[in-house]
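Heads up: the structure comes next, in structure tokens.
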Amino acid sequence: VEQVAADRLPPGPDNKPLAARGFLALGRRFMNNTPDILDDRIDVVSRGLMGLTVSCARCHDHKYDPIPTADYYSLYGVFASTVEPKDPPLIDPHDRSPVRLEFEAELTRKEKAAADFSAKMYATHLARFRTPEAVAAYMLAARDSRGKNTPEVDALATARKLEPLLIKRWRDYLGDNARKADPAFAPWLALAAIPDAEFAAKAPSVLDGLSNVKGGKPALSKVTTALREAKPGTLAEVAEVYGRLIADAAKVSSPDTAPLAAVLMPGGSGPTDLPVVDADKYVPIAVKKEFRALRNAADRFRADSPNAPPRAMSLTETPAPVEPVVFLRGNPNSRGPKVPRQFLSAIAGPARKPFADGSGRLELAKAIASPDNPLTARVFVNRVWTHHFGAGLVRTPSDFGVRSEPPTHPELLDWLAKRFVEDGWSVKALHRRVMLSAAYQQGSDGTPSLARDDPENRLVGRQARQRLEFEPLRDSMLAVAGRLDRTVYGRSVSLFSLGASNRRTVYGSIDRQNLPGPFRVFDFASPDQHTPQRFQTTVPQQALFLMNSPFITEQAKAVTALPAVASAADPVAKVRATYRAVLSRDPTVEEVESGTAFAAGIAAPKASGPRFGPWELFAQALLLSNEFAFAD
């Protein structure tokens, strides 16, 4: 319920439940394509929690399961009524400790430095667009850009050393219908309509016609008087007159020059009234880099400072819920019939009612986590079973539809799901029940008959031997070396940089755009999409990492430095101590002999070189062994 709708629950003493919303908020961005973002959220909720491939109904009714397209867009409306807040909420908004206050003060300084630079940048570099010369150049370019597409406008801007976005703003401003009735710009529009080849001959008569308008307005009289005095022979000369008039009007505005002054005045909605946030679009690259460096410094400090208060990657409701419609064939531009926001008909049945509480996310969450929902408990129980046995009772853990594999033990799955709900959805009780079972406590050594009759161990006649995933493998190496930091809670840490932390791997920092190489090599689940199960591959890069990684060599050195190993009096004792430290058992006679022979055959390290000799190599060999990497 918290993962889907924590923000709709009654507020508590802090915002910790909101952190569960990262389940949805940390999904892929799809170049900010909203339909794709919402489809990903529907997919992770439906497959992750209920084992239903609802996203297959995005473009058409589901080919196999009873999920119509209308049901997909009912859920689409629920998630479309959710937005990400600009600033994620603080987990503990009431914390006013000295550390918090110091962080906020430093962040304010960094943000002020960026804001001050932005204001200075705006004032300095945008002022060049308000000179008489600039006004004239952009008015002329606006006329010459009429009817041109974006690449053609860009080429025109490049040729005249102007800003294409500002040319478009001037073109839109002068092309507005309101400008035709504006006395200040009526002369420009009239003169701009004259072909260039005929301009010198026709301009005087056009100006005479404007000057002789009965009841002419002051702004019109001022502009036409200036133009008649200038006797322009080209439209470029007309633009120069306008540049001077507009610049003078902006300096000393009066009622009769207000339409001209509005072009340059802040808040006048003129073409040069550019938003401050867009200022860096119009300034030199070197200045942009300096501004972005200041802005990024504030963002990095907010994200990376060890004193930064924890925030919840949460979502919140839109002011008014979206009324969804079916997108025909999944095309947002082809809108079909309206549908209500409601739960899936395959689960809720014919008596279902539309959601009435805001977006309906809380109602959706409660429907998913309801004891009456036949899927949620079974799907979760199956995931826990998969964790303990390597394969689920249903071997398609995120697909419980009609095309999935049937459960190997349907009665067991139902019984575990029923007990899970009766135990108050207690995950700890579920783990305990599974791990205390006779099935779980079997050894992984099979018999010839089991291997023949049930090679995939579908009947759970033995414990399945499982290879450790990367996280427990790394933690196990740190643990046997006596270096594992067991501190709980706190910020994520770097696992692979120089001087990386020895905290448990679950606290490792994950860059979703640039996943560290070791994670990719060791089949780490993609953090960008729903992953039912991890792949298990055996590739050369895994062995090369374990053989050459500085992290592994550090753990091998730490093993040999353990008191029990370092104090061993002779090679036989050292082999036994190393086996006990790494594999938690005594070696066999053959292993003692091969271990001592291995160490004796390696040259001792030079005094001036790194301390990585025969016993460090021997410890590394045990850390790299299959016995260490597999759980029996």
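The values are calculated or read from the model by the stated rules, or taken from the named source; none is laboratory data. If you're wondering where the values come from, they're calculated on a predicted model, not measured in any experiment. In this analysis, Cβ positions are derived from the backbone assuming ideal geometry, glycine residues included, and neighbour counts consider all displayed protein chains. The accessibility values were calculated without ligands, DNA or RNA, using every heavy atom of the protein model including side chains. Shrake-Rupley method; radii C 1.70, N 1.55, O 1.52, S 1.80 Å.
Calculated [222 nm] ellipticity per residue, helices only, for the chain: -14500 deg cm²/dmol; basis is -39500 (n - 2.57) per DSSP H run with n ≥ 4, divided by all residues, nearest 500. Would you mind classifying the stretch 1-76 by shape? Square roots of the alpha carbon gyration tensor eigenvalues, ordered a ≥ b ≥ c; an a/c under 1.5 is rounded, otherwise it is prolate if a/b is larger than b/c and oblate if not. Prolate, because a/c is 1.5 or more and a/b exceeds b/c. Computed over protein heavy atoms with a 1.4 Å probe, the carbon and sulfur contribution to the accessible area of the chain reaches 56%.
By its C-alpha gyration tensor, with a ≥ b ≥ c as the square roots of the eigenvalues, how is the stretch 361-509 shaped: rounded for a/c under 1.5, else prolate for a/b larger than b/c, else oblate? It is oblate, given that a/c is not under 1.5 and a/b is not larger than b/c. What angle, in degrees between 0 and 90 and rounded to the nearest 10, separates the Cα long axis of helix 132-144 from the longest principal axis of the Cα atoms of the chain? The angle comes out at about 80 degrees. Close amide H pairs (under 5 Å, H built 1.01 Å from N) link PHE630 with LEU468, residues at least 5 positions away or on another chain. Amide hydrogen proximity for ALA369: with H placed 1.01 Å from N in the peptide plane, no residue at 5 or more positions away or on another chain lies under 5 Å.
Placing unit charges on the Cβ atoms of the charged side chains and taking the dipole of the stretch 1-69 about its Cα centre, the candidate lying farthest along the positive direction among MET50, ASN15, ALA5 is ASN15. Look at the alpha carbon pairs under 8 Å that are at least 6 residues apart: their mean separation over the length of the stretch 42-143 gives a relative contact order of 12 percent. Ranked by the mean number of other Cβ atoms within 10 Å of their residues, highest first, the peptides 288-297, 193-202 come out as 288-297, 193-202.
If you take every DSSP beta bridge whose two residues both sit in the chain, what share of them, in percent to the nearest 5, is antiparallel? Taking every DSSP beta bridge with both residues in the chain, the antiparallel ones total about 80 percent. Couplings 3J(HN,Hα) for the stretch 551-565, derived from phi with the Karplus relation 6.51 cos²θ - 1.76 cosθ + 1.60 (θ = phi - 60°), are 4, 5, 5, 5, 5, 4, 4, 5, 4, 5, 8, 4, x, 5, 7 Hz, where x marks Gly and Pro. Relative to the longest principal axis of the Cα atoms of the chain, the long axis of helix 410-422 makes an angle of roughly 70 degrees. Taking the Cα centre of the chain as reference, the dipole from Cβ charges on Lys and Arg (+1) and Asp and Glu (-1) amounts to some 920 debye.
What is the packing order of peptides 522-535, 13-26, taking the mean over residues of other C-beta atoms within 10 Å and listing the highest first?
In descending order of packing, they fall as 13-26, 522-535.
Going through (1) 32.5; (2) 27.3; (3) 43.6, the figure that equals mean projected area of the Cα convex hull in nm² as computed for the structure here is (3). Cross-link partners among lysines for LYS16, C-alpha distance below 26 Å, same-chain residues fewer than 8 apart left out? Straight-distance partners of LYS16: LYS86, LYS366, LYS428. A simple rule links phi to the HN-Hα coupling: the Karplus curve 6.51 cos²θ - 1.76 cosθ + 1.60 with θ = phi - 60°, which for the stretch 373-380 gives 6, x, 9, 4, 5, 5, 4, 5 Hz, with x for Gly and Pro. Remark: the stretch 447-454, residue by residue, has Karplus-estimated 3J(HN,Hα) of 10, x, 5, 5, 4, 7, 8, 9 Hz, where x stands for each Gly or Pro and the curve is 6.51 cos²θ - 1.76 cosθ + 1.60 at θ = phi - 60°. In the stretch 380-514, taking the dipole from charged Cβ atoms about the Cα centre, the farthest positive-side position among SER437, GLY508, HIS388 is held by GLY508. Taking 23 Å as the limit for the C-alpha separation, the pairs LYS168/LYS202; LYS251/LYS281; LYS112/LYS289; LYS168/LYS231 exceed it in the case of LYS168/LYS202; LYS251/LYS281; LYS168/LYS231. Protein heavy-atom accessible surface, 1.4 Å probe, per residue over the chain: 53 Å². Less than 5 angstrom separates the built amide H of VAL493 from those of GLY508, SER509, all sequence-distant by 5 or more or on a different chain. For the chain, the longest principal axis of the Cα atoms and the long axis of helix 98-126 meet at an angle of about 30 degrees.
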